[in-house]
Amino acid sequence: MRLCAWYLYGEKHRGYALNPVANFHLQNGSVLWRINWMGDSSPRGLGASCGMMVNYRYFLEDTASNSALYLASKQVRASEQVLALVAQFQQNSKL
């Protein structure tokens, strides 16, 4: 889960989220909200994402500002849960 959080939050291509689904939602003003362990236990889900599923949350009053922030300065808005996983990854990673 820590690696997944880092992949979605920290891995970039030209400054934007490397994952195309994450990039889509973040460009549209969402918040990287939650990572669900075994959220997709189908054979396809296990093969594509080790069964993990991600929720993006749209706060309608913030979508325009979140989108502008992401597009202009490439900053990803994320929940406390995701940021805690990112911090744990950074503490334990040798990357």
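Structure notes:
- The range 35-76: number of residues that are in contact with a Ser or Thr (Cβ under 8 Å, 6 or more places away or on another chain) and under 16 Å from residue 22 (Cβ atoms): 6
- Residue match in the range 19-31 (condition: over 20 Å from residue 86 (Cα atoms), in a helix (DSSP H, G or I), in contact (Cβ under 8 Å) with a residue 24 or more places away in the chain and not small (Gly, Ala, Ser)): yes
- In the range 74-95, the residues that are of a type in the set (Lys, Arg) and surrounded by 13 or more Cβ atoms within 10 Å (Cβ to Cβ): 74, 77
- Looking only at the range 63-81, residues that are assigned to a loop (DSSP other than H, G, I, E, B), out of contact with any Lys or Arg (no Cβ under 8 Å at 6 or more places or on another chain) and touching a residue at least 24 places away in the same chain (Cβ under 8 Å) come to 2 in all.
Rule-based calculations on the coordinates, nothing more; no lab input. It should be emphasised that the depicted structure is a prediction, and the values quoted were computed from it without experimental measurement. Methodologically, a virtual Cβ is constructed for each residue, glycine included, from the backbone with ideal geometry; neighbour enumeration extends over all protein chains shown.
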